[in-house]
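Values quoted throughout were computed directly from the atomic coordinates according to the rules given, and no laboratory measurement underlies them. Just so it is clear, the model here is predicted, and its values are computed rather than measured. Don't worry about glycine lacking a Cβ; one is built from the backbone with ideal geometry, like all the others, and counts go over all protein chains shown.
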Amino acid sequence: MLIVNGLDWTTYGQSVFDLYNQHVLQGNRPFRFWDLFTTATRPAGYTPVGTGPNGLVDQIWQAGTVIWVFNGFNGDETVFQSLQPNLESYLELGGKLILIGKELNLFLSPTMRARLGVESFGTSLDWAETDSLWAEHPSLATIGKQTGVAMSLCPEFIPRDAPEVYPLYRLAGTDDSYYGVLSSDSIGHPFDALYLSMRPYRANFTNLAAAMDTLLTDFVGHTLSASVQNLSLQQLPTRTTTFCAGTHFPVRVVTESFAAMAVPLPLTQAR
């Protein structure tokens, strides 16, 4: 697993430090860290394998999963845009991409937007103090925000209406204000792309850590054996859905294969 940081430490300071220090995104999984910014006070364990744009593509190709924390501020957006074709190829050849950040509506290519499962973007409203994201799957935690900080410039979107797209998170109390989506390259294939429209450093860390742990354990790299439909969120489902082997997910797990890539994944590589 490779975590790419696009958050400016100088601007966001303690909130970025805490996000990483508490291992909100990856839990206890082994990882490598790449920092798009060179000036930083990083937590223990986050010595970067590289900084800036040079060399990042090689690190991406060596990772089974890439978590890219995007912020669209002070230069990270320029790096993201320049490497976006590489990320598209990375997904095409079997990589898994988790993209979290604000204002991605301004920087996603049409190809990447569609690949992430987004049909179109809507408005970017500031969250109220009590706002949160409800999950469409009952195993996922609701995600709120921290008190007294702005969850702004995070656009809602309409997910693509396609069998390989799974709408994931929507604003509590709404029918169609989506902020999270899963997708795969085609129906029946494991989910390999996850997009969350939010500032992770301003989310409730307990909520987000719980959601990310479930997503990494049970969703990314897996297939749902059946769709979950007609769920009344925060209530009992209006109808039941049967899953394989008494669980929400099939027993089969697809092994990451990078045989077709230019740089093979080492057997000892941390995922």
Take ILE100, ILE187 and order them by how many other Cβ atoms sit within 10 Å, fewest up front.
ILE187, ILE100
If the viscosity is 0.890 mPa s and the temperature 25 °C, what Stokes-Einstein diffusion coefficient in µm²/s follows for the stretch 180-227 when Rh is the Kirkwood radius over Cα pairs?
210 µm²/s
Rg/Rg_ref, the stretch 2-246, where Rg_ref = 2.2 N^0.38 Å and atoms are Cα
0.96
Nitroxide proxy distance, nm - points 7 Å out along Cα→Cβ at ARG29 and LEU106:
2.9 nm
With charges set only on the Cβ (+1 for Lys and Arg, -1 for Asp and Glu), what does the dipole of the stretch 1-105 come to about its Cα centre, in debye to the nearest 20?
320 debye
With a cap of 11 neighbouring Cβ atoms within 10 Å, and only residues DSSP puts in a loop, list the GluC sites (Glu not before Pro) found in the stretch 48-157.
GLU129
Using R₀ = 30 Å, calculate the FRET efficiency as 1/(1 + (r/R₀)^6) where r is the Cβ-Cβ separation of THR217 and GLN84; round to 0.05.
0.60
Inter-label distance, nm, simple model (7 Å from Cα along the C-beta direction), SER152/SER139:
3.8 nm
So between THR10 and ASP175, what do we pick up on full extension, going 0.36 nm a residue minus the alpha carbon distance?
55.6 nm
Given Cβ point charges of +1 (Lys, Arg) and -1 (Asp, Glu) and nothing else, what value in debye, to the nearest 20, does the dipole of the stretch 2-246 about its Cα centre take?
400 debye
